[in-house]
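> My structure is below; once you've seen it, I'll send some questions.
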Amino acid sequence: MAVHEIQVIAQEVRQCTLCALHQGRTHAVPGEGPADARVIFIGEGPGFHEDRQGRPFVGQAGKYLDELLAIAGFQRSEVFIANVVKCRPPKNRDPQPDEVATCTRAYLFRQIEAINPRVIVTLGRFSMGLYLPGEKISRIHGQPRTVNGRLLVPMLHPAAALHQQQNRPLIEEDFRRLPEIIARAEQEAAAKTAQDDKEPPLEQLSMF
Ligand code: URA
């Protein structure tokens, strides 16, 4: 079911003409990974190499993301990797608010619904801004919170760490802590479910 929906969305992305970004693309980049991934990583948008190959995070930033995933103990093949916008902005400029709004409504949010991941890891300020508008990534990176029932972990963008060497220890430390952050959130969710199960149903409460 989710597999089918993910394939349908990917096909729509490849044919998309909803915003001007489609005019400059070689390939759209729908994202990739298992349709039942527990964790989704969301970058900003395709760069030169992603546009050429139609796959997310395959350039320099992608190689570094692979290293970061390994630090967190993940295989790339077990997580879903997506972007806010699915087509490369010209000269790698920032995606515009209307492009972000159009593309996320049409594709990213549907992908998240279909995959239903427990954990969303945002990479950089654009994907963070979808959930935490007005926050500063430099202030809140690595700090988990719950949004719409999912664990959200805002991370620095791997490219930012590549370009500014002082960010490397920060991003690597955040990824190193990721398994522990996820495990703790899952324990808390399980404890809450167990507690909810113990609460008497409302109709019983009204008897007292
Ligand atoms: N940077 C991103 O945000 N996404 C990619 O897919 C590649 C680089």
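The values are calculated or read from the model by the stated rules, or taken from the named source; none is laboratory data. Just so it is clear, the structure is predicted and the values come from calculations on it, not from any experiment. Every residue, glycine among them, receives a Cβ derived from its backbone with ideal geometry; neighbour counts consider all protein chains shown. Just so you know, the surface numbers come from the protein's heavy atoms only, side chains and all, with ligands and any DNA or RNA stripped out. Shrake-Rupley method; radii C 1.70, N 1.55, O 1.52, S 1.80 Å.
> Kindly report the accessible area of region 13-189 per residue (heavy atoms of protein chains, probe 1.4 Å, no ligands, DNA or RNA), in Å².
Spelled out: the 1.4 Å probe surface of region 13-189, per residue, equals 48 Å².
> What percentages, rounded to whole numbers, describe P(r) for region 68-140 computed over all alpha carbon pairs with 10 Å bin width beginning at zero?
16, 46, 34, 4
> Now a separate question. Express the carbon and sulfur contribution to the solvent-accessible surface of the chain as a percent, rounded to the nearest whole number, probe 1.4 angstrom.
51
> Under a cut-off of 20 Å between alpha-carbon atoms, report the aspartates and glutamates in cross-link reach of Lys198, not counting same-chain residues fewer than 8 places apart.
Partners within reach: Glu186, Glu188.
> How many percent of Cα pairs in the chain exceed 24 Å?
Across the chain, Cα pairs with separations above 24 Å total 43 percent.
> Can you give the charge dipole size of the chain about its Cα centre, rounded to the nearest 20 debye, using +1 on the beta carbon of Lys and Arg and -1 on the beta carbon of Asp and Glu?
Dipole magnitude for the chain comes out near 680 debye.
> Same structure again: Please identify, among Ala70, Ala20, Ala190, the residue showing maximal mean-square fluctuation in a Gaussian network model of the chain using a 10 angstrom Cα cutoff.
Judging by the Gaussian network model, the answer is Ala190.
> Find which of Phe41, Gln15, Gln166 sits farthest along the positive direction of the dipole of the chain, computed with +1 on the beta-carbon of Lys and Arg, -1 on that of Asp and Glu, about the Cα centre.
Working it through, the farthest residue towards the positive pole turns out to be Gln166.
> I would also like to ask the following. Mind checking which aspartates and glutamates have their C-alpha under 16 Å from Lys86, skipping anything on the same chain fewer than 8 residues away?
Straight-distance partners of Lys86: Glu12, Glu32, Glu44, Glu50, Asp51, Asp94, Asp98, Glu99.
> Return the calculated 222 nm mean residue ellipticity for the chain, to the nearest 500 deg cm²/dmol, obtained by summing -39500 (n - 2.57) across DSSP H runs with n ≥ 4 and dividing by the residue count.
-13500 deg cm²/dmol
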